[in-house]
Each structure stands twice: as structure tokens, then as C-alpha cells.
Amino acid sequence: QVQLVESGGGLVQPGGSLRLSCAASGFIKDEYCIGWFRQAPGKEREGVSCISLTDGGTYYADSVKGRFIISRDNAKNTVYLQMNVLKPEDTAVYYCATGHFSSWYFNGVYDSWGQGTQVTVSS
């Protein structure tokens, strides 16, 4: 019953920035976190970042730590991913998702996800 709708993707030059948004509806378990994973051709799925629905704790993949910032607006049921200093390696389809923290840490199974938004970093 969970619906996740991503937006904010696009084409940017290396070093540029984008902000992704995820609007959530339906019931999400309190112990879950919400965030993004990404998929690119020829690469394994990678858990990018998530934020806890209870205490706001965050996870970042080593590949994006220090460049990406995740935040949430509880009143709007929306989660944001500010992506800075983008690199060509960040090019992928980004999916908003819900699940346990362990899914991001250990590339596990997510509970639900959206349709994705394309992020392309190229000069």
C-alpha cells in the first residue's frame, strides 16, 4: 500500500548539484528508514542513503559520504537527497525506497520502492 514518487533527476555537469525528492503515502513501519538506492548498467545495486522514520538517524554509502545529505519534512511526508559535487560515477537511476537499515548497509531486500528518476552526470 506504500506509494513512493521520486522527482528531481536530470542532467548535470561534473561538480554540479541536484536535489531529489520522494513523496510518500500509505503506511510505513515506524522502525523502517526511507531513502534511495541506485542502479546503473553494468553495476550492482547500491544503497545510497536513508533516514530513520523514528529518530532521524542516517546512513550514507562510502561512495557518497561527505557529498550527499538526506533530510525529511514530516509535515509533507517528503524526503530529500541533496547531491553535491556530482561525479560521472553517480550516473544511475535513483529509486526511493523503504526498508530496514540493514538493507542499505548490506545490500539487502527493500520493502517497497518507486519508479525511479534518472540522474546523469556528464560534460
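The values are calculated or read from the model by the stated rules, or taken from the named source; none is laboratory data. Worth saying up front: this structure is predicted, and the values here are computed from it rather than measured. Neighbour counts are summed over all protein chains in view; Cβ atoms, including those assigned to glycine, are modelled from backbone coordinates with ideal geometry. When the accessible area is computed, the model is the full protein with side chains, heavy atoms only, and any ligands, DNA or RNA have been set aside. Shrake-Rupley method; radii C 1.70, N 1.55, O 1.52, S 1.80 Å.
General observations
- Under the combined filter of DSSP loop state and at most 14 neighbouring Cβ atoms within 10 Å, the stretch 3-82 retains these trypsin sites (Lys or Arg not before Pro): Lys29, Lys43, Arg45, Lys65.
- Fully extending the segment from Glu46 to Val109 would add 21.5 nm, taking 0.36 nm per residue of separation and subtracting the current Cα-Cα distance.
- For Thr54, Thr120, the ranking by accessible surface with the largest value first comes to Thr54, Thr120, using a 1.4 Å probe.
- The C-alpha radius of gyration of the chain, expressed as a fraction of 2.2 N^0.38 Å, stands at 0.97.
- Size of electric dipole in the chain: Cβ of Lys, Arg +1 and of Asp, Glu -1, about Cα centre, debye, nearest 20: 260
- Length-normalised contact order for the stretch 4-56 - Cα pairs under 8 Å, 6+ apart - percent: 27
- Protein accessible area in the chain, 1.4 Å probe - carbon and sulfur %: 49
- Qualifying chymotrypsin sites (Phe, Trp or Tyr not before Pro) in the stretch 18-123, DSSP loop, other Cβ atoms within 10 Å at most 16: Phe27
- Probe 1.4 Å, accessible area per residue of the stretch 1-93, Å²: 53
- Relative contact order %, the chain, counting alpha carbon pairs below 8 Å whose residues are six or more apart: 35
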